[in-house]
Amino acid sequence: MNPIRYRIDPKDPTAHLFEVSCTVDDPDPAGQRFALPAWIPGSYLIREFARNIVTVRGESDGKPVALEKLDKHTWRAAPARKPLTVICEVYAGDPAVRGAHLDTTHGFFNGTSVFLRAPGREDRPCAVEILPPAGDGYQRWRVATTLPRAGAAAWGFGAYRAKDYAELIDHPVEMGEFAVASFRACGVPHDLVITGRHRADAERLQRDLKTLCEAHIRFFGEPAPMARYLFLATVVDEGHGGLEHRASCALLLSRDDLPAPGEKKVSEGYRSFLRLCSHEYFHTWNVTRIRPRVFAPHDLDRENYTRQLWAFEGMTSYYGDLLLARSGLVSPAAYLEMLGQTVTKLLRAGGRHRQTVEEASFDAWIKFYRADENAPNALVSYYTKGELVALALDLMIRRRSGGKRSLDDVMRALWERHGKPGIPLEEGEVERVAAEVSGIRLAAFFSDALRGTGDLPLPQLLRSVGVACRVRPAESAEDKGGKPSARSAAALARRATLGARTAVRGGDLRLTHVLDGGTARGAGLAAGDTLLALDGIRVTPKNLERLLRRYRPGDSAQLHFFRRDELMAATLVFKAPELDTCVLAFRENPGRAVLERRKAWLEGS
């Protein structure tokens with residue numbers, strides 16, 4: 001079987017242009033079709049990667065071949081008897097983890113952004129030639145990818161291969177000058193590649209990531225499902241994101257999130273980095289290999305609907321954080337703080353009472369990745385609620401089974417039955433496996449948690465592991481929850497709140513979201529309004545909280561604001577703050593049985 005041959009050339013870094021060719025040796029005599037994916041697995045949004053194709057042409061035996069565009073991302077070549085090549089110029093201007101980026105400092109691409117596929121020939125092996133940019137300024141560039149080498153030197157440009165198109169697009173590629181921190185986890189080589197200027201403690205990163213990765217591998221059981229793993233990290237001034245692949249992940253992070261040499265504590269930024277790594281690494285098992293039927297294989301032309309993203313993303317979020325605690329990289333108290341912040345996010349999403357987490361999973365394509373100014377009132381995150389459904393399910397199984405079973409057993413059963421043998425999950429399979437493995441009737445729980453809009457019974461379930469759950473009003477707009485307040489409950493209850501979220505635009509303070517039932521909604525304010533003055537005092541990004549401290553719930557104030565270019569006024573009647581900020585704490589002297597259950601939960605025994 002002749003391979004599909006690809007060649008990618010960072011032809012013009014200053015113009016952000018890759019030149020990419022795809023050659024089919026035995027094209028369809030009726031006219032070979034070529035298509036670029038409309039989305040990338042792991043990120044559930046139609047991204048229209050074909051919009052970045054600047055030019056496209058065909059040739060065979062040194063002669064031009066006409067191309068007919070059939071739809072937004074598909075072309076058909078005129079019949080050709082000899083090998084047919086289609087050459088594209090691809091604009092690579094997306095610095096995020098889902099697309100392609102090329103400039104004079106580095107290049108990065110996911111295969112979905114650059115590699116055309118030949119429909120009907122996706123199961124053929126692929127041969128890939130990765131070229132370096134031309135010019136003396138690029139002599140020190142290297143290549144980082146888990147794409148199997150087929151003649152290229154380690155970290156080098158040259159020949160690579162993939163067994164089929166699905167594998168080809170599941171190994172992102174970084175090229176440029178980058179730092180490498182290497183380690184072995186359970187005998188498997190791992191590399192952390194860092195692109196961008198930084199001063200990170202490489203030894204600490206190696207040590208901590210080794211600890212983390214070994215905790216994941218041992219959770220599911222050795223051997224690990226990959227022969228090598230690669231963290232591709234791009235550091236910027238401010239950024240955060242990740243995307244999983246079968247043997248690697250692409251990460252975007254803030255420079256300050258990396259630990260500085262000599263720094264001993266786990267800063268909030270470094271904790272954020274570890275959480276990101278842990279989440280994407282857990283995906284090596286959950287969603288990459290334990291995956292729904294609709295993703296086996298992915299239909300790259302259109303949306304692939306599933307109601308199970310709460311499990312593939314939410315359960316990944318749950319274990320991503322829990323394994324940080326189990327591995328000792330964060331303390332149990334720090335884990336409770338993180339969990340309290342997650343509960344806070346859910347409490348502040350009024351949409352949890354309107355959208356179920358199954359609906360959120362199904363509608364990810366049109367809602368989650370396209371959240372608008374009404375999102376807090378209308379949507380619930382399958383990441384956030386999914387994580388807390390996993391927590392509730394874990395604690396419920398532990399309590400009702402007398403500590404004999406847990407969600408750990410369910411995840412391992414999913415791995416053994418579906419992930420290892422490559423058997424996709426039908427819709428509802430996670431629920432069926434959980435009930436079978438736990439030996440507990442869970443139908444009512446799943447009905448309420450997945451297909452209902454009521455709050456989860458977290459306070460009662462957390463009490464079963466000796467954790468107290470308290471909610472209070474927020475101290476300020478910057479209060480993310482998870483920590484006790486220095487102010488008394490009575491003082492917090494007297495805080496006047498706007499009931500809206502704001503952002504700075506051009507030096508002005510603008511409303512981005514107006515929350516249902518809040519002060520701003522009652523006064524008729526809308527997202528996009530620019531705040532000017534409160535009772536005649538100018539409102540600025542720095543003084544809004546200070547101005548609000550002058551008022552109490554029930555007080556009135558005159559607000560002037562711009563809506564578009566029109567000056568307007570409204571009377572605010574301040575409402576009492578919501579109880580939307582969660583703090584978790586270990587209960588003192590909870591009893592021996594509870595302590596044993598807590599220990600098993602936090603340590604994984």
Worksheet item: Hey, Glu263 hits all of (1) over 27 Å from Val114 (Cα atoms); (2) out of contact with any Ser or Thr (no Cβ under 8 Å at 6 or more places or on another chain); (3) of a type outside the set (A, V, I, L, M); (4) buried (at least 18 other Cβ atoms within 10 Å of the Cβ) but one; which does it fall short on?
Response: (4)
Discussion item. Would you confirm, using the coordinates I've provided, whether Ala179 is among the aliphatic types (A, V, I, L, M), at pLDDT 95 or above and more than 23 Å from the chain's Cα centre (by Cα)?
Written reply: yes
Worksheet entry | Hits in the stretch 380-405 (condition: hydroxyl-bearing (Ser, Thr, Tyr) and either over 25 Å from Lys345 (Cα atoms) or modelled with pLDDT under 95 (or both)) | Ser401
Worksheet item: Going by the structure shown, is Ala215 buried (at least 22 other Cβ atoms within 10 Å of the Cβ) and in a helix (DSSP H, G or I)?
Response: yes
Response to the item:
Reported set for the stretch 377-418 where residues are basic (Lys, Arg) and either closer than 23 Å to Ala364 by Cβ or part of a helix (DSSP H, G or I) (or both) is Lys385, Arg398, Arg399, Arg400, Arg412, Arg417
Worksheet entry | Positions within the stretch 230-248 being farther than 16 Å from His106 by Cβ, of a type in the set (A, V, I, L, M) and in contact with a helix residue (DSSP H, G or I) (Cβ under 9 Å, 6 or more places away or on another chain), in sequence order | Leu243
Fill in: the stretch 227-249, residues that are of a type in the set (A, V, I, L, M, F, W, C), within 21 Å of the chain's Cα centre (by Cα) and within 14 Å of Pro189 (Cβ to Cβ)
Leu230, Phe231, Ala247
Fill in: Which listed residue, of Leu252, Leu274, is closer than 28 Å to Glu48 by Cα, within 15 Å of the chain's Cα centre (by Cα) and either buried (at least 23 other Cβ atoms within 10 Å of the Cβ) or not acidic (Asp, Glu) (or both)
Leu252
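Table: residues versus (1) under 22 Å from Trp39 (Cα atoms); (2) crowded, with 20+ Cβ neighbours inside 10 Å; (3) in contact (Cβ under 8 Å) with a residue 40 or more places away in the chain.
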position: Val343; (1), (2), (3): no, yes, yes
position: Ala349; (1), (2), (3): no, yes, no
position: Arg354; (1), (2), (3): no, no, yes
position: Glu358; (1), (2), (3): yes, yes, yes
position: Ser361; (1), (2), (3): yes, yes, yes
position: Phe368; (1), (2), (3): yes, yes, yes
position: Asp372; (1), (2), (3): yes, no, no
position: Asn377; (1), (2), (3): no, no, yes
Worksheet item: What are the residue pairs meeting all of these: first residue in the stretch 277-303, first residue surrounded by fewer than 22 Cβ atoms within 10 Å (Cβ to Cβ), second residue among the aromatic types (Phe, Trp, Tyr), Cβ atoms under 6 Å, and 6 or more apart or on different chains?
Response: Glu303/Trp365
Worksheet item: So which strands (runs of 3 or more DSSP E) stay within the stretch 58-151 end to end and still have 1 or more residues that are touching a residue at least 24 places away in the same chain (Cβ under 8 Å)?
Response: 67-71, 74-77, 84-91, 100-102, 106-109, 126-130, 142-144
Worksheet entry | Residues located in the stretch 486-529, provided they are buried (at least 17 other Cβ atoms within 10 Å of the Cβ) and either over 20 Å from Lys575 (Cβ atoms) or of a type in the set (A, V, I, L, M, F, W, C) (or both) | Leu492, Ala496, Leu498, Ala500, Leu509, Arg510, Leu511, Val514, Leu515, Ala520, Ala523, Leu525
Worksheet entry | Condition met for Val54 (among the hydrophobic types (A, V, I, L, M, F, W, C) and more than 32 Å from the chain's Cα centre (by Cα)) | no
Practice prompt. May I ask you to list the residues in the stretch 176-195 that are assigned to a loop (DSSP other than H, G, I, E, B) and touching a residue at least 60 places away in the same chain (Cβ under 8 Å)?
Written response: Glu177, Phe178
Worksheet item: For the stretch 506-520, how many residues meet the condition of being closer than 25 Å to Lys345 by Cβ and part of a strand (DSSP E or B)?
Response: 6
Item to complete: Kindly check whether there is at least one residue in the stretch 213-221 that is of a type outside the set (A, V, I, L, M) and at positive phi.
Response: yes
Worksheet item: Quick check: anything in the stretch 2-23 of a type in the set (A, V, I, L, M, F, W, C), in contact with a helix residue (DSSP H, G or I) (Cβ under 8 Å, 6 or more places away or on another chain), in a loop (DSSP other than H, G, I, E, B) and assigned by TED's automatic domain parsing to the domain that holds Ala66?
Response: no
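The values are calculated or read from the model by the stated rules, or taken from the named source; none is laboratory data. Because the structure is predicted, anything quoted here is derived from the model rather than measured. All Cβ positions, even for glycine, are placed from backbone atoms using ideal geometry, and neighbour counts span all protein chains on display.
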